[in-house]
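The values are calculated or read from the model by the stated rules, or taken from the named source; none is laboratory data. Since we're looking at a predicted model, the values are computed, not measured. So basically every Cβ, Gly included, is an ideal-geometry build from the backbone, and we count neighbours across all protein chains shown.
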Amino acid sequence: MKADGLAAGKGVVVAQTVAEAQDAVREMMTEGSMGDAGRSVVIEDCLVGEEVSLFAFCSGETAMLIGAAQDHKRIGDGDTGPNTGGMGAVSPPRGFDRAAQEAALDLVVRPMLKEMVRRGTPFRGVIFAGLMLTETGPQLIEYNVRFGDPEAQALLLRLTSDLLPALSALAEDRLDTTPVTFSDQAAISIVMAARGYPAKPETGAVISGIADAEALDGVRVFQAGTKENAARELVVAGGRVLSVCALGDTVQQARERAYAGVKAISWDGAAWRTDIGARAL
């Protein structure tokens, strides 16, 4: 059940029963839980499998593979609770190697680009295809015309070439002249969220420990829902507050480093999943 409009990544209910589906429609269309985005609702087949995010630079009919990551959408461990904008990501995802990623580009991205050229509306930019790896092969869930969040934090940590020349080549329609390369290392991003997210996040708590986290091997912290208060202290200012990321030679090492970074950071009401990357192991 999908709200047919922009809902900050929270407009989807994966209903387990007919009653749950009916409740979702009622909340969106009658009670207005998604505002204008929920005035109409899209009902789709429920695809079963592992969800992955596939990224590519695209210009005209050309698609250059960036890579893939796996997001963890639900708020709670074990994929429980409501959907969020994303609680963490792993790159590369298990069981979806470079050959499989290129095959998926041939299946769901390059035909779309060819059709847009045929219509006289060629696309140039980043395509992020949300896929479900089902028993019968990859199935397309959606297209996005952006980097994913928090997938980009994990994916771009692995970038070994320079991003700016690639973006410049993309803008100037010379995409095939600039190589984009990634390391074989694994990367994980873990979102630290405010208490109450995704419904009503609590803001204002003072954050400490970011410098301690970034002093750890392989750890980098990206700020999102933060700001400075009148005392120049860093405080919580949104639902998803920080993304604590780490590189490692293995998923296990990256995971251990990222969670060590999470433990170094604190504020009143900090919340995060403890199982990011567990499926990849």
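Each row is one residue, and each column tells you yes or no for (1) within 18 Å of Asp249 (Cα to Cα); (2) assigned by TED's automatic domain parsing to the domain that holds Pro122.
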{"residue": "Thr160", "(1), (2)": "yes, yes"}
{"residue": "Leu164", "(1), (2)": "no, yes"}
{"residue": "Ala169", "(1), (2)": "no, yes"}
{"residue": "Glu172", "(1), (2)": "no, yes"}
{"residue": "Ile190", "(1), (2)": "yes, no"}
{"residue": "Ala193", "(1), (2)": "no, no"}
{"residue": "Tyr197", "(1), (2)": "no, no"}
{"residue": "Glu202", "(1), (2)": "no, no"}
{"residue": "Ala205", "(1), (2)": "no, no"}
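Looking across segment 49-78, the residues that are of a type in the set (A, V, I, L, M) and in contact with a helix residue (DSSP H, G or I) (Cβ under 9 Å, 6 or more places away or on another chain) come down to Val52, Leu54, Ala56, Ala63, Met64, Leu65, Ile66, Ala68, Ala69.
In segment 232-240, is there at least one residue being modelled with pLDDT of 95 or more, β-branched (Val, Ile, Thr) and crowded, with 16+ Cβ neighbours inside 10 Å? Even if it seems obvious, please write down each step before you answer.
Within segment 232-240, the subset modelled with pLDDT of 95 or more is 232-240.
Next, from what is left, pick out any that are β-branched (Val, Ile, Thr): 235-236.
From what is left, the residues that are crowded, with 16+ Cβ neighbours inside 10 Å are 235-236.
Yes - at least one qualifying residue is present in segment 232-240.
From the list Met1, Met28, Met34, the lone residue that is closer than 17 Å to Gly130 by Cα and either out of contact with any Phe, Trp or Tyr (no Cβ under 7 Å at 6 or more places or on another chain) or surrounded by 15 or more Cβ atoms within 10 Å (Cβ to Cβ) (or both) is Met1.
Would you say Gln153 is among the polar types (S, T, N, Q) and within 13 Å of the chain's Cα centre (by Cα)?
Working: among the polar types (S, T, N, Q): yes; within 13 Å of the chain's Cα centre (by Cα): yes.
When the stated conditions are applied, Gln153 passes them.
Taken over segment 9-24, the criterion of being surrounded by 17 or more Cβ atoms within 10 Å (Cβ to Cβ) and more than 21 Å from Tyr197 (Cβ to Cβ) is satisfied by Ala21 alone. Would you say Arg118 is of a type in the set (Lys, Arg) and closer than 30 Å to Val12 by Cα? No; evaluated as a whole, the condition is false for this residue.
Which ones in segment 1-54 are among the polar types (S, T, N, Q) and assigned to a loop (DSSP other than H, G, I, E, B)? Steps first, please.
Let us first name the residues in segment 1-54 that are among the polar types (S, T, N, Q), namely 16-17, 22, 30, 33, 40, 53.
Gln16, Thr17, Ser33, Ser40 - these are the residues of segment 1-54 that are among the polar types (S, T, N, Q) and assigned to a loop (DSSP other than H, G, I, E, B).
If Tyr143 passes every condition in (1) without any contact (Cβ under 8 Å) to a residue 40 or more places away in the chain; (2) in a helix (DSSP H, G or I); (3) within 30 Å of Gly225 (Cα to Cα) but one, which one does it miss? Condition (2) is where Tyr143 drops out.
Quick one: in segment 107-123, of everything that is touching a strand residue (DSSP E or B) at 6+ places or on another chain (Cβ under 9 Å) and not hydrophobic (A, V, I, L, M, F, W, C), which residue is modelled with the lowest pLDDT? The qualifying residue modelled with the lowest pLDDT is Pro122.
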